[in-house]
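Encoded as structure tokens, the structure appears first; notes follow it.
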Amino acid sequence: MRNHLVLIALVAVGGGAHAEPAAPSRPPSGLAFGVELGSPSSATARFAFADGHHAVTAAAGTGTLGGAGFSARLELSRAVGALVHLGVGVRHRRHHYAPASMDELPDAHTGLLASASVARAFGPLELYAELAPGYDVLRTPSCSLASGANSVCPHAQSTHLFLEAFAGARWYLEAP
């Protein structure tokens, strides 16, 4: 009886003679569509190559912390483990501010970004959270000069550094 208990305990913790190793987790591959909520909020499309470790993501949306407008991002990424993805890309934002505000003209930002995300797949559904710091290489001064040529433009005074942060879900058309 004691030998049976030892054998049951070994099998329960994976130490049995016939225990098979667990298959390594592979990220999903193929085409996926989804949504992201945060700054920015976007609709996304992602293509993960057959190896599941390399992907191209495109996103377009609105709803940034800077105001209403248009936001777009293109990113190349690579999985560096079961959950972590690192990437590089570009982003463009164009904000539209309310008339009669101090900053009446549209404000455009175009920049380079690096990204780090944590993603977990549940069949064809993938949930993720991403942080993407970057630097705007092109931007408009976005001033109305209503107060004259010596007025202070808020966007000319702000930093070119930015941080995008969002959480999302995407659905792969082919199950992993």
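The values are calculated or read from the model by the stated rules, or taken from the named source; none is laboratory data. Note that the structure is predicted; figures quoted are calculated from it, not measured. Here Cβ is always computed from backbone atoms with ideal geometry, including for glycine, and neighbour counts include all displayed protein chains.
A few points about this structure:
- Test for HIS155: is it modelled with pLDDT under 90 and part of a helix (DSSP H, G or I): yes
- Every residue from the stretch 28-77 that is touching an Asp or Glu at 6+ places or on another chain (Cβ under 7 Å), touching a residue at least 60 places away in the same chain (Cβ under 8 Å) and within 13 Å of SER117 (Cβ to Cβ): THR44
- For the stretch 35-58, the set of residues classified as surrounded by 14 or more Cβ atoms within 10 Å (Cβ to Cβ), modelled with pLDDT under 95, more than 11 Å from the chain's Cα centre (by Cα) and of a type in the set (Gly, Ala, Ser) consists of ALA48, GLY52, listed by residue number.
- Flag if GLY61 is surrounded by 14 or more Cβ atoms within 10 Å (Cβ to Cβ), at pLDDT 65 or above and not in a loop (DSSP other than H, G, I, E, B): yes
- Residues that are touching a Lys or Arg at 6+ places or on another chain (Cβ under 7 Å) and in a loop (DSSP other than H, G, I, E, B) were ranked within the stretch 79-112; the one that is modelled with the highest pLDDT is LEU83.
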